[in-house]
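What follows is one structure encoded as structure tokens, with my remarks underneath.
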Amino acid sequence: MQDQKKLKLSIVIPVYNEERYIDEVLKRVFAVKFQDGVEIEIVAVDDCSKDHTLARLQEWEKKGLIRLVCHTVNGGKGAALHTGFAASTGDVITVQDSDFEYNPQDLPKVLQPILSGDADIVFGAREQFMTQTGSHKGLFCGHYFINKFLTVFSNLFSGYGLNDMECCYKMFRREIYNKITLKENRFGFEPEITLKTSRLKPRYAEVPVSYASRSYEEGKKINWKDGVSALRCILKYGLFRR
């Protein structure tokens, strides 16, 4: 088992126009009780928000609670994650979305396979996508079937046996990140990191996590174009660019 007293977890949060949610999301992250000896670093990346998101993040930064990095031009979720990963200093890195779709209370469960020395990278899987449940309650029907298709297609190239390739929660040792170069600036980040890490043949685990989808009226940003982009990325990194 890895020495927990020396493990630092960097939680990278890409943020764009989330003034309604970001304060509560950060409160929820700080409320999480991680395993003994785990140190937490929170890196928030404001992706050139047009509302009052940046001002809210600056208040957290003034209190010394987060590390804040700002984009002067909107680059997309992937671009914000590239910035956040580069600014992070943890032994392990993970992603937390800046809304209420994913519950930070699941993060210790995602971290456990790394702490126990059983995995180098851990993929979250929304409970609705786990084989055992077979239910897509709480999801838009179209999103469910598109995600299932993309996951199966990605598995063909990656060799992973994942149930939910598009899940936000991906947690990995820094050594894994240091061995790949990420390029996708939007939601293509998910298939890109999945396929590029698979080439390293890491030990991996998949952990079920809770999920509560929000509507487009509530600020959901992914759309059908991102599904097409994900398919392009699977082909690009899985077939044509080894």
- Sole residue being at pLDDT below 95 and in a helix (DSSP H, G or I), chosen from PHE187, PHE149: PHE149
- Has the stretch 27-36 got any residue that is without any contact (Cβ under 8 Å) to a residue 60 or more places away in the chain, of a type in the set (Phe, Trp, Tyr) and surrounded by fewer than 18 Cβ atoms within 10 Å (Cβ to Cβ)? yes
- Query: For CYS48, all conditions in the list (1) modelled with pLDDT under 95; (2) open to solvent by less than 70 Å² (accessible area, probe 1.4 Å) hold save one; what is the number of the exception?
  - Reply: (1)
- Scanning the stretch 73-83 residue by residue, those without any contact (Cβ under 8 Å) to a residue 40 or more places away in the chain and touching a strand residue (DSSP E or B) at 6+ places or on another chain (Cβ under 9 Å) turn out to be THR83
- Message: Suppose we filter the stretch 32-54 for residues that are in a loop (DSSP other than H, G, I, E, B) and more than 16 Å from VAL110 (Cβ to Cβ); how many remain?
- Response: 8
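Residue by residue, here is whether (1) under 24 Å from PRO208 (Cβ atoms); (2) open to solvent by less than 40 Å² (accessible area, probe 1.4 Å); (3) free of Cβ contacts under 8 Å to residues at least 60 places away in the same chain holds:
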| site | (1), (2), (3) |
| --- | --- |
| VAL15 | no, yes, no |
| ILE22 | no, yes, no |
| GLY64 | no, no, yes |
| HIS71 | no, yes, yes |
| PHE85 | no, yes, no |
- Inside the stretch 114-125, can you point out the residues that are open to solvent by less than 20 Å² (accessible area, probe 1.4 Å) and either more than 19 Å from ILE180 (Cβ to Cβ) or under 11 Å from the mean Cα position of the chain (by Cα) (or both)? LEU115, VAL122, PHE123, GLY124, ALA125
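To keep it simple, each residue is scored yes or no on (1) at pLDDT below 95; (2) surrounded by fewer than 20 Cβ atoms within 10 Å (Cβ to Cβ).
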position	(1), (2)
GLY134	yes, yes
HIS143	yes, yes
GLY159	no, yes
ASN178	no, yes
LEU182	no, yes
THR194	no, no
- Item | Qualifying positions in the stretch 59-86 - farther than 26 Å from LYS170 by Cα and assigned to a helix (DSSP H, G or I) | GLU59, LYS62
- Kindly indicate whether ILE93 is closer than 16 Å to LYS8 by Cα and either open to solvent by less than 10 Å² (accessible area, probe 1.4 Å) or modelled with pLDDT under 95 (or both). yes
- Examine the stretch 172-181 for a residue that is assigned to a loop (DSSP other than H, G, I, E, B) and on the phi > 0 side of the Ramachandran plot, and state whether such a residue exists. no
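The values are calculated or read from the model by the stated rules, or taken from the named source; none is laboratory data. Note that this is a predicted model, so its numbers are computed, not measured. Backbone-built Cβ (ideal geometry, glycine too); neighbour counts: all protein chains shown. Protein only, heavy atoms only, side chains kept; ligands, DNA and RNA dropped before computing areas. Shrake-Rupley method; radii C 1.70, N 1.55, O 1.52, S 1.80 Å.
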